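Report on the structure given below.
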Amino acid sequence: MILAIDVGGTKMAAGLVAGDGTVALSARVPTPQGADASTLWKTLVELIEPLSEGVEGVGVGCGGPMAWPDGEVSPLNMPGWRGFPLRARLAERFPGLPVRLHNDAICLAVAEHWKGAGQGADMLGMVVSTGVGGGLILDGRLINGGTGNAGHIGHVVVEPDGGPRCGCGGHGCLEAIARGPALTAWALEQGWAPRNPESGTYDEDRAVTARALAADARAGDPVAVRAMRRAGRALGIAIASATHLCDLDLVTIGGGLSQAGEPLFGPLDEALREHARVEFARRVKVMPASLGQEAGLIGAAALILAGGSYWTERR
């Protein structure tokens, strides 16, 4: 069994993954908000301790940025870890075992290629959630790039003139438009208020989330529909650019917005077909990721179990 770990800003998950990619056992805990480095590490250790006996390797997906492949992590939504030597700490705890760590969005892409919707495809696996990230698999191998960040489609520019400022410091990045918090903020500015799903009336106490926005779009709320159309078109333009560059067969989209349905995927497909005009690019297919909540663990385990395709050691 492989101990697989998925570290994010809202939750930490761990599981035992068999050689065929089956998650035999898993557990998760909330990520302590505002915690310092030692508290975050202690929380992770307490999570993995019951799963640690007899494992043959450790695979980890963690939010970035990070120094890869050394595994020093500085997740944007976990300020307590800045340059935290996560891979080295885990290697100390599991002496003699392989410990491999990559970006969590890359692990999700790897999972879809290994055991999900992207098997056998040249693909981009995307995550559209609190951020927008991705992983690129071509000719059966994960493409890392010089720093391990190849496939990071979130910072493809889709609105160069007057687009919103991105957290990276630029303007008009896909992430600045399509990530969940930016999307709900835009909708609120346009007058959106979440509806009660039973009565259909506005509900001030309902959580302001991208999931609620997507539900209201499916129910026909005009501002929510416009918000989803804005995000969908931005995604379609970015995917068209990536497809022309990388000759993709498939793009999978995971994360919270992947469940939005037609209000997102309709405008996405429209923009994609409008911009992917070169003949070879027209064949690309876009679909929701298929592996659900366990994808991060499956992809992390694949760094060990299918390392020939998904791991490159550098010194």
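List of remarks:
- Taking the criterion of being in a loop (DSSP other than H, G, I, E, B), more than 21 Å from ALA215 (Cα to Cα) and open to solvent by less than 50 Å² (accessible area, probe 1.4 Å), the residues of region 157-198 that qualify are VAL158, GLY163, PRO164, CYS166, GLY169, GLY170, GLY172.
- Any hit, region 271-287, residues being part of a strand (DSSP E or B) and open to solvent by 50 Å² or more (accessible area, probe 1.4 Å): yes
- In this structure, LEU257 does not qualify as without any contact (Cβ under 8 Å) to a residue 40 or more places away in the chain and either assigned to a helix (DSSP H, G or I) or within 24 Å of GLU112 (Cα to Cα) (or both).
- Taking the listed residues LEU47, LEU76, LEU86, the one that is within 21 Å of the chain's Cα centre (by Cα), surrounded by 13 or more Cβ atoms within 10 Å (Cβ to Cβ) and of a type outside the set (Asp, Glu) is LEU86, with no other qualifying.
- Here GLU92 clears all of (1) more than 15 Å from MET66 (Cβ to Cβ); (2) open to solvent by 70 Å² or more (accessible area, probe 1.4 Å); (3) in a loop (DSSP other than H, G, I, E, B); (4) modelled with pLDDT of 90 or more except the condition numbered (3).
- Selection status of GLY134, part of a loop (DSSP other than H, G, I, E, B) and under 14 Å from the mean Cα position of the chain (by Cα): no
- Residue within region 53-60 that is touching a residue at least 60 places away in the same chain (Cβ under 8 Å), open to solvent by 60 Å² or more (accessible area, probe 1.4 Å), closer than 18 Å to GLY299 by Cα and not polar (S, T, N, Q) present: yes
- Residues that are part of a loop (DSSP other than H, G, I, E, B), small (Gly, Ala, Ser), out of contact with any helix residue (DSSP H, G or I) (no Cβ under 7 Å at 6 or more places or on another chain) and open to solvent by 20 Å² or more (accessible area, probe 1.4 Å) within region 1-34 comprise ALA18, GLY34, listed in sequence order.
- Residue match in region 122-129 (condition: within 20 Å of the chain's Cα centre (by Cα) and on the phi > 0 side of the Ramachandran plot): no
The values are calculated or read from the model by the stated rules, or taken from the named source; none is laboratory data. Since the structure is predicted, the reported quantities are computational estimates derived from the model, not experimental observations. In this analysis, Cβ positions are derived from the backbone assuming ideal geometry, glycine residues included, and neighbour counts consider all displayed protein chains. With ligands, DNA and RNA removed, areas are computed over all heavy atoms of the protein, side chains included. Shrake-Rupley method; radii C 1.70, N 1.55, O 1.52, S 1.80 Å.
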